[in-house]
Amino acid sequence: MDNKAEIDSSRLPRHVAIIMDGNGRWARRRGLPRLMGHRSGVKAVRRVIEEARQMGIAFLTLYAFSTENWNRPREEVEGLMELLYEYLEREFDNLKRQEIRLLVIGEIERMPAGLQERLHRVMEETASFEAMTLNLALSYGGRAELARACRKICDAVAQGRLKCSEITPEIISSNLYTAGQPDPDLVIRTSGEMRLSNFLLFQSAYSEIYVTETLWPDFTPEEFRLAIRDYQRRERRFGKV
Ligand code: IPE
Ligand code: IPE
Ligand code: MG
């Protein structure tokens, strides 16, 4: 299916955020271990990043690991961390070639030391790129992010840099991991679940939501364009008539 022509490039979402769900089910249906599903999911990640970049999307956020995902069996967590490490090694040149800036949103300090080091290195070496920002949500939770923003704001008040009466939604926004970025216009979730699972709770207040039954490893650039096309048909009201 080639549906490239159907996208109106003058009305692209500026920020697309994806809950990449369904790797485990993809593997189970094939009688494979869950980790094989995650491995296959990495390929879908590469395809979608390239597609978003080619389309001209300015911000792409990928939910890769939630604060709650730490509660999975140890082998799965370790396997995911290893996969991430390999991914960064393999994709570093690709990201640079595409002039993509990588930003980790989430508790990077909870990642294994070697992975942290590599994440910091990729972030530093891609910091000046402007073609697209890729937010990788790792050990990310919307509630933890809001608690962190509260702590930062409290510090500012305690130090006399801010008054309580000056705290606005904009101040909160500027203390989130996504400070300075537009809110997601479109949130995509694969594998059919109708929930946010602690993803971008503050930022997604007025996001359009697109849920597909497709499991993440089967998610293609064609289906990504389908989601964008669907978004472009919607009427966003933001509380007005
Ligand atoms: C999403 O796939 C990837 C992560 C949360 C790390 P799942 O692993 O949640 O797959 P299902 O939901 O069990 O199918
Ligand atoms: C959401 O998927 C988190 C990521 C995709 C990283 P989960 O599989 O963890 O969400 P629940 O448990 O179905 O809500
Ligand atoms: Mg899941």
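I need a count of the residues in the stretch 4-28 that are more than 19 Å from residue 211 (Cβ to Cβ) and touching a residue at least 60 places away in the same chain (Cβ under 8 Å). Let's see the steps before the verdict.
Our first condition is that a residue be more than 19 Å from residue 211 (Cβ to Cβ); within the stretch 4-28, this holds for 4-12, 14, 27-28.
Keeping just the survivors that are touching a residue at least 60 places away in the same chain (Cβ under 8 Å) gives 4, 6-8, 11-12, 14.
Looking only at that region, the number is 7.
Contact map, the stretch 132-158: residues that are on the phi > 0 side of the Ramachandran plot paired with residues that are of a type in the set (S, T, N, Q) and assigned to a strand (DSSP E or B), Cβ distance under 8 Å, separation 6+ or inter-chain. Pairs shown: 139/66.
Evaluate the stretch 35-56: report whether one residue or more is modelled with pLDDT of 95 or more, within 12 Å of ligand 1 (Cβ to nearest atom) and of a type in the set (S, T, N, Q).
yes
Selection within the stretch 200-236: residues that are more than 23 Å from residue 37 (Cα to Cα) and without any contact (Cβ under 8 Å) to a residue 24 or more places away in the chain. The member of this set that is surrounded by the fewest Cβ atoms within 10 Å (Cβ to Cβ) is 235. Part of a strand (DSSP E or B) and of a type outside the set (Lys, Arg): is that true of residue 63 in this structure? Judged against the criteria, residue 63 is a match.
Scanning the stretch 66-78 for residues that are more than 10 Å from ligand 1 (Cβ to nearest atom) and either charged (D, E, K, R) or in a helix (DSSP H, G or I) (or both) turns up 67, 70, 71, 74, 75, 78. Within the stretch 121-131, the residues that satisfy the criterion of being touching a residue at least 24 places away in the same chain (Cβ under 8 Å), surrounded by fewer than 16 Cβ atoms within 10 Å (Cβ to Cβ) and either within 16 Å of ligand 2 (Cβ to nearest atom) or not aliphatic (A, V, I, L, M) (or both) are 125, 128, 130.
Scanning the stretch 194-231 for residues that are at positive phi and within 13 Å of ligand 1 (Cβ to nearest atom) yields 197, 198.
The set of residues in the stretch 179-193 that are surrounded by fewer than 19 Cβ atoms within 10 Å (Cβ to Cβ) and on the phi > 0 side of the Ramachandran plot comprises 180, 192.
All conditions but one from (1) within 13 Å of the chain's Cα centre (by Cα); (2) assigned to a loop (DSSP other than H, G, I, E, B); (3) away from ligand 1 (no atom under 16 Å from the Cβ) apply to residue 134; the one that does not is (2).
Of all residues in the stretch 2-27, those satisfying the criterion of being part of a loop (DSSP other than H, G, I, E, B) and more than 16 Å from ligand 2 (Cβ to nearest atom) are 2, 3, 7, 8, 12, 13, 14. Among the residues making up the stretch 105-119, a single one is without any contact (Cβ under 8 Å) to a residue 24 or more places away in the chain and either in a strand (DSSP E or B) or surrounded by 13 or more Cβ atoms within 10 Å (Cβ to Cβ) (or both): 116.
The values are calculated or read from the model by the stated rules, or taken from the named source; none is laboratory data. In this text, all values refer to a predicted model and were calculated from it rather than measured experimentally. Positions of Cβ are generated from backbone atoms using ideal geometry, with glycine treated the same way; all protein chains shown enter the neighbour counts.
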